[in-house]
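The block underneath contains the structure these notes are about, expressed in structure tokens.
Each value in this text was obtained by applying a stated rule to the coordinates, not by laboratory testing. All figures in this text were calculated on a predicted structure; none of them were measured in a lab. Methodologically, a virtual Cβ is constructed for each residue, glycine included, from the backbone with ideal geometry; neighbour enumeration extends over all protein chains shown.
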Amino acid sequence: MDLSIIIVNWNTRDLLRACLASLRVALAGSPLRAEVLVIDNASADGSAAMAAAEFPEFGLTANAENRNYAAGNNQGLRAAAGEFQLLLNPDTEVPPGALDALVTFLRERPQAGAVSPALVHADGRLQASVRGFPSPMALAGELTGLARLFPRSPWAAYRAADVPVDAPSPVDQPMASAFLIRRAALDQTGPFDEAFPLFFNDVDLCYRLKAAGWEIWYEPRIRIVHVGGASTRQVRPQAILRSHDGLRQFYAKHYRGRLFWPAYAAIVITIWLTGWLRAALAWVGVRLHHGDSETRS
């Protein structure tokens with residue numbers, strides 16, 4: 001088996017349908033021996049029934065409970081038989097040729113553990129889908145605004161603004177919305193850490209891949225359509241809190257004991273405060289939107 005495609009889905013039935021339809025077309029014209037594994041996390045919108053009825057050639061695991069992103073992907077990775085595993089969000093559409101190009105890219109680079117294509121909007125506009133690791137300096141730049149004032153400085157490293165948009169380049173951590181990984185690399189580093197159920201599990205995985213000596217690449221000439229945030233948008237204030245909690249866990253795992261303790265404590269407190277402030281603002285926005293909708297109706 002050349003390729004295993006793993007899709008973790010939660011309540012995005014119509015987007016999942018479009019994603020699977022695009023894969024059906026892409027794989028029909030591909031020489032790759034491939035499998036598609038859908039892991040549905042107890043969706044309430046009929047996602048699992050749709051996938052079973054309309055795409056019987058693809059594998060389906062319908063969980064009785066929402067096991068979240070990391071555990072869902074690990075389910076798929078354990079079942080996957082491919083030399084390469086593509087982690088793919090259900091809010092994507094894959095054009096013909098993209099899968100072949102991604103697999104060829106890794107086969108031509110033995111030191112490359114993973115590669116990500118460019119993510120684009122439906123109209124072709126490029127999305128910002130690559131980041132640096134959130135080192136203390138990079139994180140301070142984001143929180144203080146120095147990253148915006150000095151976009152080419154180390155303060156702005158998290159934004160990865162200097163990544164080429166017309167040629168492949170090694171990067172720290174591309175979004176895992178479409179992320180092809182070499183099985184040999186995963187065998188060495190292990191799969192997702194389920195202590196990061198929703199957020200920063202991909203950052204942690206990339207961090208471990210790089211620490212083990214594997215390269216991670218971004219190939220912007222290969223493009224995949226991505227809606228973005230289709231699941232987390234359904235619970236935005238909670239998602240913000242969990243994202244910041246993921247960042248805090250990332251620091252606890254990789255930086256606790258490496259930083260002077262007052263600096264580590266200051267970072268963790270700032271992450272916590274910033275998360276609650278952003279969640280509160282999002283909650284106010286949701287309430288205002290609902291109030292405006294009720295007024296119009």
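Given the C-alpha centroids of the range 180-203 and the range 14-87, what is the distance between them in whole angstrom?
Computed from Cα coordinates, the inter-centre distance equals 18 Å.
What ranking do R221, R258 get, fewest neighbouring Cβ atoms within 10 angstrom at the top?
Values: R221 12, R258 9.
Going from sparsest to densest Cβ surroundings: R258, R221.
For D162 and R221 in one chain, what is 0.36 nm times their gap in residues minus the Cα-Cα distance, to one decimal in nm?
Working: separation 59, 0.36 × 59 = 21.24 nm, distance 1.62 nm.
Between D162 and R221, full extension yields an extra 19.6 nm.
Using r as the Cβ-Cβ distance of L143 and A195, and R0 as 25 Å, what FRET efficiency do you calculate, to the nearest 0.05?
Numbers: r = 24 Å, r/R0 = 0.95.
Once rounded, the FRET efficiency stands at 0.60.
In what order do S116, S43, S135 fall by count of nearby beta-carbon atoms within 10 Å, going from fewest to most?
On the way: S116 28, S43 22, S135 15.
Arranged by neighbour count, lowest to highest, S116, S43, S135 become S135, S43, S116.
Within 15 Å, Cβ to Cβ, of Q85, how many net charges do the neighbouring residues add up to if Lys/Arg are +1 and Asp/Glu are -1? Please report the intermediate quantities before stating the final value.
Values: positive: R33, R78, R107, R182, R183; negative: D2, E35, E83, D187, D202.
Every neighbour counted, the sum reads 0.
Please list 3J(HN,Hα) in residue order for the range 48-53, calculated via the Karplus relation 6.51 cos²θ - 1.76 cosθ + 1.60 where θ = phi - 60°; whole Hz, with x for glycine and proline.
Once θ is set to phi - 60°, the couplings for the range 48-53 become 5, 5, 4, 4, 5, 6 Hz.
How big is the shadow of the Cα convex hull of the range 3-229, averaged over all directions, in nm²? Numbers along the way, then the final one.
Working: hull surface 49.5 nm².
Averaged projected area of the range 3-229's Cα convex hull equals 12.4 nm².
Given 10 Å bins starting at zero, what is the percent of C-alpha pairs of the range 109-160 in each, up to the one with the largest pair distance?
24, 33, 33, 10
Once both labels are modelled 7 Å past Cα along the beta-carbon direction, what's the A252-A49 spacing in nm?
4.0 nm
Modelling each spin label as a point 7 Å along the Cα-to-Cβ direction, I'd like the A282/V120 distance in nm, to one decimal.
Label-label distance for A282 and V120, simple model: 2.9 nm.
Go ahead and estimate [θ] at 222 nm for the chain from helices alone: -39,500 (n - 2.57) per DSSP H run with n ≥ 4, summed, over the residue count, rounded to 500.
Numbers: 10 runs with 132 residues, N = 297.
The helix contribution divided over the chain gives -14000 deg cm²/dmol.
Quick one: work out Rg over Rh on the C-alpha atoms of the range 121-248, Rh as Kirkwood radius. Let's see the in-between values first.
On the way: Rg = 15.2 Å, Rh = 16.0 Å.
The Rg/Rh ratio comes out at 0.95.
Under the Karplus relation 6.51 cos²θ - 1.76 cosθ + 1.60, θ = phi - 60°, what is the ordered set of whole-Hz ³J(HN,Hα) values for the range 87-103, x standing for Gly and Pro?
Computed from phi, the couplings for the range 87-103 are 7, 9, 6, x, 9, 10, 9, 9, x, x, x, 5, 5, 4, 5, 5, 5 Hz.
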